[in-house]
Amino acid sequence: WRLEDFHYGAPLAPFLFISAIYAVRRISTWVTSQNQRFFQFSLALLLLTFSLAYHIHRGYTPLARPFIWPTVTSHQQGLETLLSAIPPDTPAFAQSNIAPHLSQRKILYSDFGYFTDPQFPAKAPVEDVVLDVTSFENIGGLHQFLRENVVANDNYQLITASDGIIHLKRIDIPDQSDLTPPNQPFFNSNYQLPITSYQLPVTSLQSPVSNLPPTFYTFTHPDSPPDYDFPVNFDQLVRLHGYTLHFDRQEEIQVTVDLEALQPLASIQPVLYLLDANGQPLGATSDLQPALVWYPVEQWPVGDVVRVRFNTLPWHTRSMPAYRLAFGIVSGTDVWDTGSRHRPVVSQPTEIAPRLPADGTLIELACIEQIWSMPEGGPMMRQFQPPPVTQRVDANFGDQIQLLGFRDLMPLKAQDSDVVITLVWQALSSPENLIRFVQLIGPDGMVYGQQDSAPDNGLYPTLLWQPGEVVVDPVKFPIPAERPPGDYTLHIGLYQPDTGERLPVNSGGDHITIPVPD
């Protein structure tokens with residue numbers, strides 16, 4: 001798939017087409033003349049069918065499923081205006097995704113080694129530096145370095161700082177130029193930040209990082225509502241208002257979240273987590289995202305909403321058939337310390353069915369599947385229409401929750417090591433916090449395996465269910481290899497976690513019994 005994403009496959013195209021022509025010619029020669037017309041028609045139809053199917057799933061025209069109409073944003077227009085004003089004969093530096101717009105000039109650098117490597121073979125010091133902090137990843141602390149060592153470099157004056165775009169221009173300082181060879185970068189020197197509305201005088205050079213104008217931070221201001229409204233509070237420190245999933249043909253999804261400081265913040269970090277299909281954490285955005293580097297949480301005014309975009313490129317999820325995304329707020333820098341996470345609390349009912357992975361320390365944002373090696377999906381939405389089941393049960397547990405039925409219960413064979421069943425529940429009211437149990441009972445009355453957890457692998461506590469809501473609850477638990485032959489049954493019920501008291505079933509008892517087919 002990678003050959004279609006980039007230009008690297010272009011040299012192969014002529015050989016592919018020429019080979020295809022020769023192959024069709026040889027096959028058509030092999031076919032007898034009486035069948036030739038039929039063969040040609042069949043081959044053309046087959047090729048057309050495969051081409052259309054592939055194009056629908058992975059093409060680049062409006063007929064294709066992943067096609068998105070391109071738009072030009074005000075941010076891009078502002079960047080283009082800035083770039084067009086840089087003289088073509090001026091040595092310049094721009095990050096790699098901006099450099100093509102400054103091509104056809106004698107000296108142009110896009111390698112950050114110009115700033116980080118004292119031995120970088122620079123032909124001449126650059127006159128103009130252009131950075132768009134919104135459009136490249138913070139890998140290995142690159143944004144921190146740029147903020148502290150490039151933007152604050154006193155060889156450069158801030159010309160523009162607007163919507164995350166920074167334009168620095170070299171200042172002729174005789175003393176400094178005498179000390180710095182013309183073919184070496186200005187390593188470990190200090191930059192001055194650009195100001196959009198005015199020019200900083202050369203005599204007042206100071207760290208522009210602390211004096212960035214308000215126009216620079218507009219890239220952190222939401223300019224449209226998020227795709228998913230999802231109000232969640234984290235220990236009355238931060239409120240998540242909502243989020244947007246960005247699918248742009250890449251193997252990794254970009255996520256933007258809208259956050260509000262509920263009180264002055266210090267030493268906290270918003271983190272996006274990668275989970276497996278069952279909700280177990282696998283990865284996290286341990287590097288600060290660009291918005292958090294340039295606009296630290298300590299500077300967020302209480303009550304203002306800040307938009308943060310997360311880059312997930314290092315996760316390489318293309319080989320994962322399915323996965324989930326979750327969000328959390330961490331105190332400190334250890335994103336894996338569950339004790340340092342601030343617990344999410346859904347502040348009001350939403351259309352999204354809120355899952356709480358990692359022992360309730362995270363809030364789930366999306367379930368993703370790979371369709372033709374491209375990610376698709378979104379949040380789990382509340383559902384109120386029951387799905388098909390293999391067998392109806394209609395067991396009422398304490399007038400709080402009803403077990404509508406089940407599916408996917410397979411015959412139990414001697415070599416089986418797991419029991420799998422999918423339960424379908426419906427809330428009859430606003431349930432209290434309950435634990436679901438499923439036990440495998442042997443012919444001798446002993447328990448040969450069980451699972452006790454909140455529904456949906458512990459992710460969806462019953463306390464969050466709404467009246468009438470239907471919840472699909474997949475269950476899988478191991479069973480011992482050595483077990484007596486005979487008839488087995490499943491005992492299914494609900495109990496209160498604090499007391500262990502089981503909810504009564506209206507038909508009698510405190511659980512229901514389901515025979516396991518053999």
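The values are calculated or read from the model by the stated rules, or taken from the named source; none is laboratory data. Quantities reported herein were computed from a predicted structural model and do not represent experimental measurements. Note that each Cβ is placed from the backbone with ideal geometry, even for glycine, and that neighbours are counted across all protein chains shown.
For the stretch 119-156, a residue qualifies if it is closer than 18 Å to Asn97 by Cβ, of a type outside the set (A, V, I, L, M, F, W, C) and in a loop (DSSP other than H, G, I, E, B), and the qualifying residues are Thr134, Ser135, Glu137, Asn138, Gly140.
Among the residues of the stretch 299-307, is there at least one that is surrounded by fewer than 18 Cβ atoms within 10 Å (Cβ to Cβ), touching a Pro at 6+ places or on another chain (Cβ under 8 Å), in contact (Cβ under 8 Å) with a residue 24 or more places away in the chain and not hydroxyl-bearing (Ser, Thr, Tyr)? Yes, the stretch 299-307 has at least one match.
Per the listing Thr285, Thr220, the residue uniquely modelled with pLDDT of 90 or more, surrounded by 18 or more Cβ atoms within 10 Å (Cβ to Cβ), hydroxyl-bearing (Ser, Thr, Tyr) and in contact with a Lys or Arg (Cβ under 6 Å, 6 or more places away or on another chain) is Thr220. Regarding the stretch 317-336, can at least one residue be identified that is more than 17 Å from the chain's Cα centre (by Cα), at pLDDT below 95 and of a type in the set (Ser, Thr, Tyr)? Yes, the stretch 317-336 contains at least one residue that is more than 17 Å from the chain's Cα centre (by Cα), at pLDDT below 95 and of a type in the set (Ser, Thr, Tyr). For the stretch 453-486, the candidate set comprises residues that are without any contact (Cβ under 8 Å) to a residue 24 or more places away in the chain and surrounded by 13 or more Cβ atoms within 10 Å (Cβ to Cβ); within that set, the residue that is farthest from Asp418 (Cα to Cα) is Ala454.
The number of residues in the stretch 417-429 being over 15 Å from Val470 (Cβ atoms) and at pLDDT 95 or above comes to 4.
Taking the conditions (1) touching a helix residue (DSSP H, G or I) at 6+ places or on another chain (Cβ under 6 Å); (2) surrounded by fewer than 21 Cβ atoms within 10 Å (Cβ to Cβ) in turn, Thr361 satisfies each one other than (2). Out of all the residues in the stretch 328-342, is one or more in contact with a strand residue (DSSP E or B) (Cβ under 7 Å, 6 or more places away or on another chain), among the basic types (Lys, Arg), surrounded by 12 or more Cβ atoms within 10 Å (Cβ to Cβ) and closer than 24 Å to Gly242 by Cβ? Yes; the residues of the stretch 328-342 include at least one that is in contact with a strand residue (DSSP E or B) (Cβ under 7 Å, 6 or more places away or on another chain), among the basic types (Lys, Arg), surrounded by 12 or more Cβ atoms within 10 Å (Cβ to Cβ) and closer than 24 Å to Gly242 by Cβ. Screening the stretch 260-281 for residues that are within 30 Å of Ser453 (Cβ to Cβ), assigned to a strand (DSSP E or B) and not hydroxyl-bearing (Ser, Thr, Tyr) and picking the one that is farthest from the chain's Cα centre (by Cα) gives Ile268. When every residue of the stretch 238-250 is checked against the conditions, at least one turns out to be polar (S, T, N, Q) and either touching a helix residue (DSSP H, G or I) at 6+ places or on another chain (Cβ under 7 Å) or at pLDDT below 90 (or both). Where residues in the stretch 120-141 are without any contact (Cβ under 8 Å) to a residue 60 or more places away in the chain and farther than 20 Å from Asp163 by Cβ, which of them is surrounded by the most Cβ atoms within 10 Å (Cβ to Cβ)? Across the stretch 120-141, the extreme among qualifying residues is Val126.
The condition of being at pLDDT below 80, part of a helix (DSSP H, G or I), surrounded by 11 or more Cβ atoms within 10 Å (Cβ to Cβ) and small (Gly, Ala, Ser) holds for only one of Ser51, Ser28, that being Ser28.
Within the stretch 308-327, the set of residues being surrounded by 16 or more Cβ atoms within 10 Å (Cβ to Cβ), part of a strand (DSSP E or B) and either of a type in the set (A, V, I, L, M) or outside the structural domain of Ala277 (by TED's automatic domain parsing) (or both) comprises Val308, Leu325, Ala326.
Restricting attention to the stretch 74-118, the residues that are touching a residue at least 12 places away in the same chain (Cβ under 8 Å), assigned to a loop (DSSP other than H, G, I, E, B) and either small (Gly, Ala, Ser) or buried (at least 16 other Cβ atoms within 10 Å of the Cβ) (or both) total 8. Residues in the stretch 282-305 that are part of a strand (DSSP E or B) and over 21 Å from Gly141 (Cβ atoms): Leu282, Val305.
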